[in-house]
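Please read the structure below before turning to the comments.
The values are calculated or read from the model by the stated rules, or taken from the named source; none is laboratory data. A quick note: this is a predicted structure, and the numbers were derived from the prediction, not measured. Heads up, the Cβs are rebuilt from the backbone with ideal geometry, glycines too, and the neighbour counts pull from every protein chain shown. We work out accessible area using only protein heavy atoms, side chains counted, and drop any ligands, DNA or RNA first. Shrake-Rupley method; radii C 1.70, N 1.55, O 1.52, S 1.80 Å.
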Amino acid sequence: MTVLRRTWLAVLLALVWEAASRAAADDFFPPPSRIVAALHRIWLTGPADRLFLTDKALDDFGPSLRNLFLGWGLATVLGVVLGVLLGRSERARAALDPVLQFGRAVPPPTLIPFLLAVLDLGMQLQVATITFGVLWPVLLNTADGVRGVDRLQLDTARVFGITGATRLTRIVLPAAAPKIFAGLRIGLAFGLILVVVSELVGATTGIGAHLINAQQSYQMSEMWAGIVLLGVLGCLFNLLFHLVERRTLAWHHAARG
């Protein structure tokens, strides 16, 4: 029953889409059954020892996922370090806040022409674009979480002589962890979007390259298959992240409960 409550609307929309597409008979809007068949044919008809992944699946998924997690990982490290600095230092926050607000307002895709001028096409361009876009939600959520640490906890730690790195790792970061994880979740979603955007320019492999190639050759079912695949990956990543977050922050949920 729980699965039915969660999926009935998606199933209903798919059925409506199927009926409307067949009635319209428009090649630009293929029915879901044809899209799923194309998705299966392109990426999931490989050998069983490779989890049925085709050669094209390895060519598309490998570069995209590598760039996604590399950019997300770099942004996580930079965002948490800078966020802690800004959250703990009012002087640093006052000095850097105008620059941060400006940087956050710049859409990452607009940097691609600049990055094309200073970086090579391919991995460097894509990772840089992803890192820039993911950095902001991680940094700002971390800073907000660190600023929100209960003052009583910090004063108690000072009374007991807990300072420096010990206070950071034992008190500040655990207290800010829910906010940090919220930034990481948002950043992962942004990263998946930016993977595709960055691969639309000059990439020969990756999910974004598949989308643009299918569109240029008017293979609409293959193009829609790529779009559906991205939606499935987004849901899967969100589910996995949610499980990791619940396990990591079990103490926090228990305390709130």
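Scanning the chain for chymotrypsin sites (Phe, Trp or Tyr not before Pro) lying in DSSP loops with no more than 15 further Cβ atoms inside 10 Å, the longest uninterrupted stretch between such sites is 53-159.
Taking segment 103-213, how much of its Cα-Cα pair set, in percent, is spaced more than 17 angstrom apart? Please report the intermediate quantities before stating the final value.
On the way: 3784 of 6105 pairs.
Value for segment 103-213: 62 percent of Cα pairs lie more than 17 Å apart.
Taking every protein chain into account, the 1.4 Å probe leaves Leu115 with about 20 Å² of accessible area, to the nearest ten. Once the Cα atoms are used to define both axes, helix 207-216 deviates from the longest principal axis of the chain by about 40 degrees. Dipole size of the chain about its Cα centre, with +1 on Lys/Arg Cβ and -1 on Asp/Glu Cβ: approximately 1160 debye, rounded to the nearest 20.
Once you have a ≥ b ≥ c as the square roots of the Cα gyration tensor eigenvalues for segment 108-155, tell me rounded if a/c is under 1.5, and otherwise prolate or oblate according to whether a/b is larger than b/c. Each step should come with its number before you reach the end.
Working: a/c = 5.45, a/b = 4.21, b/c = 1.29.
Prolate shape, in that a/c is at least 1.5 and a/b is the bigger ratio.
Across segment 63-71, computed HN-Hα scalar couplings (Karplus, 6.51 cos²θ - 1.76 cosθ + 1.60, θ = phi - 60°) run x, 5, 5, 4, 5, 4, 6, 5, x Hz from first to last residue, x flagging Gly and Pro.
Per-residue ellipticity at 222 nm from helix content only, as computed over the chain with -39500 (n - 2.57) for each DSSP H run of at least four residues, stands at -26500 deg cm²/dmol.
Surface listing: Thr204, Thr129 arranged by accessible area from highest to lowest gives Thr204, Thr129, probe 1.4 Å. As I understand it, the value is the acute angle between the Cα axis of helix 90-105 and the longest principal axis of the Cα atoms of the chain; what does it come to in degrees, rounded to 10? The answer is roughly 10 degrees. For segment 1-86, the C-alpha radius of gyration divided by 2.2 N^0.38 Å, with N the number of residues, is 1.67. The long axis of helix 32-43 is offset from the longest Cα principal axis of the chain by roughly 80 degrees.
Subtracting the Cα-Cα distance from 0.36 nm times the residue separation, let me have the gained length for Arg22 to Arg147 in nm, one decimal.
Values: separation 125, 0.36 × 125 = 45.00 nm, distance 5.52 nm.
Taking Arg22 through Arg147 to full extension adds about 39.5 nm, to one decimal.
Is segment 61-115 best put as rounded, prolate or oblate by its Cα gyration tensor, with a ≥ b ≥ c the root eigenvalues, rounded for a/c under 1.5, and otherwise prolate when a/b is larger than b/c, oblate when not? Spell out each step's value before the answer.
Details: a/c = 4.48, a/b = 1.59, b/c = 2.81.
Oblate, because a/c is 1.5 or more while a/b does not exceed b/c.
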